[in-house]
Every structure is written in C-alpha cells, then in structure tokens.
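Have a look at the structure below before the remarks.
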Amino acid sequence: MRSFIFFLLLLLFLPVNQVAAAGALTLQGAIRESLEGNPSVGMERQKLRQLEADYRAARAGLLPHLSATASYSRLAPDRLSMTSLPGTTLYEREAYGGIGLSQLLFDGKTNALRKAAATAVGAQETQVVSSENLAAYQAAKAFIQVLESRALQQASRQAVERARLFEAMTTAYFNAGKVTRLDLLQARSGRLDSEASLVRAKELGKTGMALLAAVIGRENVDFTVDGRLPVAVPPVPPDSMALVVAMARNPDMQRFRKLGDRAGYTADAAKGALYPTITAKAGIGYRDRDIGGGAREWTAGLQLDLPIYDGGALRAGVARADAAQAESREAERSVRLAVQSQLRRELSTWRTASADLRSAEESIAAARESLDASQALYRVGKATALDILTAQLDLSRAETERAGALAGYAIARAGVDLLIGSSCSFTLNSKGETP
C-alpha cells in the first residue's frame, strides 16, 4: 500500500513535460515499431516460412524414403491358381509386415527443383528485407509529415500573431480617422488567411499521425512524436555513385536476380522430366499364411522409368518454363530501369530542396526587413495597409517554403535510402533526432 501511495505521489510531482515524454515516439522508435508491427512485413515473413517448408519438401526427394507396410488378406479357397497341383489346397489367410527402403539414384528434375526451391527462399528473404525497408521508409515519411506540420504551424502562428497585431493597430488608426475602412478590411482579410493556413497545417499533422499509426501497426493514435526537421541540407551525392550503390544493394534488384535464377532451375526441371528415373529399392519383412506357415523374406532391385509418350504435356511444360525464364529476365530489367529512374528523381528533388532552402532563407531575411520598413512607414502615414499585408504575406510564404524545403529534402533522402536498402537506419539529423 505504501509503495502504491509513493507511486501516485511520484506521478503528481513529476514535471508535466517528463510525463508527456514517456509516450513520445522518436523516429528510430517509429522505424523499429514498423518492422515489428507492420502487417505487410508480417505477411512477407509468413510467406518465407511457407517457402522454407516447400524447400524441405523438395529436398526430401533426394533423401532415402523408409516406409513400414502391414497387411492382412483373406482369399477364396476355390480360386484358380496356375501353380496349384490337383488335390492341393490353397491358403486362405495371409499376413505380412515389413519395412521398405527406396533411394532415388538419378532423374533430371528433382535436384533442379530443390535448387529452385532454395533460390525461392533466398528471393523471399530479400523480399522480407524489401518490405522492412519500405515500411521503414513509410514510417519515416509519415514522421517527417508530422514534423513539417509542426514547422508550418509555428510559422502560421507567428503569421497569425503578426496579422492580429496589425489588425488591432489598423482598427485603432481607423477609429482615430487616420486610415480608411479599406485598410481595416484588408487587415482583417490578412488575419483570416493566416488563421486558415494554421488550420491546414494542423490537419496535415493529423493526417501524418494517422498514417504513422497505420504504418507501425497501431490501432489508435495514442502517442506523440518527438523530433525535429533537419536544420540544413547536406551536399547531394553524385548520381553515378548512388546508382552503383543502388544496383548492388537494392533489395528488389537482388530479389529479381534470385527469381531469375529460380526460373532457370525450374526450366531445367521441366527439361529433366524427359530423362529416365532410376530408383533403388529394398525391403525386408515377415509373411505368414495359414498353409505353409511363415518366414522372413527380402527384396532388392532397381527400377527404371522412362516417359515415352504423354500427349505432349512434358514438351508443353518445357515451353512454359522457357517463357517464364524470359519473363523473369524482362522483369529484372524493368525493376533495374525503375530503380534508376526513381533514384535520379529523388536526387533531383534533393538538389531542388537545397536550392529552395537557400532561396527561402534569403527571402525570410529580405521579407523581415521589408516588413519592419513597411510598418515604420505605415505609422507615419507613408505606407498603406496593402504594403504591410504584402510584406507579411512574403514573410509567411518564405517561412512556409523553408519548412517545405527541409521536409522535401528529408523525404527525398529517405527515398534515396529506400532505393539503396538503408531505410531501417535512416536518421534526420547527423547528431540525433531531437535537439
């Protein structure tokens, strides 16, 4: 009881920000949860288990097969037997129990099927990595959207505060007869626009939180986000270097290469079905009859099976496997071209974000100076409300563009990490996620 009371007192006297931080989700925490709770990742892992079972089943065809057999039969005593002599009585009951062993010695398809199944497992392993990579990217993208919303809300709140102060000043000047009603209406319109921008920024954050909850596998948005946008945009890596890394490390590229190998093994198996199958068989058992008694017996031998005519089914299978192999090569080429195109697009967005950030920062400095000058001139009657509103709008637009440029860079860099297979280790700031 005392420990419970102490726990309640501890909660009461803890600072509010420490209690709230306990439920905050960092970027790396969101990525970890996406790897554990994302439904798509879970589905791909279960598919891997199925393919691993398929591989064990395919491998079993190359291993010895041991089976136990038992039977009991009753036969008609007056049946015709080619070995019976006149006046002899045939047996009516027979019981048998034994163990049989068979081992495949040669065929043209079983080992190829085993290799195809093993390659399918490898391809699915890379698919699991690809789905984890995609889930991490989606989590990072939703996380960045929330952070962008925060930056936009901050800029919008500052714009609303400036607009309200200007409206109050304009109202006072209007009441004193220094400005016209048009100035008052323009000031009010500027304030309403700023408030609408704040609402849009808040809704962007709500959408980002809902997307983030879905990606990490949570049913409810019962958490907060702890992080900040990057403060700068680093240099863009050369396209050629990024392409080399992507071609070597992209999980989808690796998967389709393995799927191409699997198609080759499947084609080999289809062609191998045309070859003979040689199997060694042996057995030992005990047979007992109501006439003649019982005794041990054994068998041993080789079995040869050779397809001669099947209506063309095997040849059709070969043709289908060859077509599937050609399709696999085209699919790999398609993925390679898509990765190259998307990577160039992400790098282009990165460069654009860098240029937009430089422009926005210069525009912020110029807009602040222009706003200060306009307000000073407005107070002495040498500027109009439209001059102030234009300066405020320029400053708000520049602050919004700065937040958009930083978010655009972060999403573009997350896209680059997705294409080179590094989304699971994605971070927003080199020195950590939070200030």
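For the chain, what does the helix formula give at 222 nm: sum of -39500 (n - 2.57) over DSSP H segments with n ≥ 4, over the residue count, nearest 500 deg cm²/dmol?
-24000 deg cm²/dmol
Based on Cα positions only, what radius of gyration and what Dmax would you give for segment 288-371, in angstroms?
Spelled out, the Cα radius of gyration and Dmax of segment 288-371 are 36.9, 119 Å.
Based on the Cα atoms of segment 332-421, what semi-axes does the equivalent ellipsoid have, where each is the square root of 5 times one gyration tensor eigenvalue, given in whole Å with the largest first? Don't skip to the end; give the middle numbers.
Numbers: eigenvalues 366, 17, 12 Å².
Equivalent ellipsoid semi-axes, largest first: 43, 9, 8 Å.
Give the Rg (one decimal place) followed by the Dmax (whole number) of segment 107-222, computed from C-alpha coordinates and expressed in Å.
Over segment 107-222's Cα set, Rg and Dmax evaluate to 27.8, 103 Å.
Taking 0.36 nm per residue of separation and subtracting the Cα-Cα distance, what length does fully extending residue 203 through residue 45 add? Please report the intermediate quantities before stating the final value.
Working: separation 158, 0.36 × 158 = 56.88 nm, distance 3.47 nm.
Gain on extension, residue 203 to residue 45, equals 53.4 nm.
Using just the C-alpha positions of the chain as equal point scatterers, what log10 of I(q)/I(0) does the Debye formula give at each q in 0.06, 0.09 1/Å?
Ignoring solvent entirely, the Cα scatterers give -0.53, -0.83.
If you take the square roots of the eigenvalues of the alpha-carbon gyration tensor of segment 46-164 and sort them as a ≥ b ≥ c, do you get rounded (a/c under 1.5), prolate (a/b over b/c) or oblate? Mind showing how you got there, number by number?
Details: a/c = 8.46, a/b = 4.10, b/c = 2.06.
Verdict is prolate for segment 46-164.
Could you work out, for segment 178-232, what percent of all Cα-Cα pairs fall into each 5 Å distance bin, beginning at 0 Å and stopping at the bin that holds the largest distance?
Taking all Cα pairs of segment 178-232, the binned fractions are 4, 15, 14, 14, 14, 10, 8, 7, 6, 4, 2, 1 percent.
Show 78, 239 ordered by accessible area, largest first, where the area counts protein heavy atoms only and the probe is 1.4 Å. List each step's numbers first, then the result.
Working: 78 130, 239 45 Å².
The most accessible residue leads, giving 78, 239.
With only Lys, Arg, Asp and Glu charged, each at its Cβ (+1 for the first two, -1 for the last two), find how big the charge dipole of the chain is about the Cα centre; round to the nearest 20 debye. Please report the intermediate quantities before stating the final value.
Values: 53 positive and 46 negative charges, 39 e Å.
It comes to approximately 180 debye.
So what's Rg/Rh here for segment 232-380, counting alpha carbon atoms and using the Kirkwood radius for Rh? Provide the component values of the computation, followed by the final result.
Working: Rg = 35.8 Å, Rh = 23.3 Å.
For segment 232-380, the value is 1.54.
Calculate the translational D of segment 167-302 in whole µm² s⁻¹ from Stokes-Einstein, where the hydrodynamic radius comes from the Kirkwood formula applied to all Cα pairs, the temperature is 10 °C and the viscosity 1.306 mPa s. Write down the numbers at each step before the final one.
Working: Rh = 26.0 Å.
Estimated diffusion coefficient is 61 µm²/s.
Once you have a ≥ b ≥ c as the square roots of the Cα gyration tensor eigenvalues for segment 212-288, tell me rounded if a/c is under 1.5, and otherwise prolate or oblate according to whether a/b is larger than b/c.
Cα axes put segment 212-288 in the oblate bin.
Considering all alpha-carbon pairs of segment 202-242, what whole percent are spaced by more than 15 angstrom? Don't skip to the end; give the middle numbers.
Values: 492 of 820 pairs.
The answer is 60 percent, as a whole percent.
The values are calculated or read from the model by the stated rules, or taken from the named source; none is laboratory data. The structure presented is a predicted model; accordingly, all values stated were derived computationally and were not measured. With ideal geometry, Cβ positions are generated from the backbone for all residues, glycine too; neighbour counts draw on all protein chains shown. Just the protein is used for accessible areas: all its heavy atoms, side chains included, with ligands, DNA and RNA removed. Shrake-Rupley method; radii C 1.70, N 1.55, O 1.52, S 1.80 Å.
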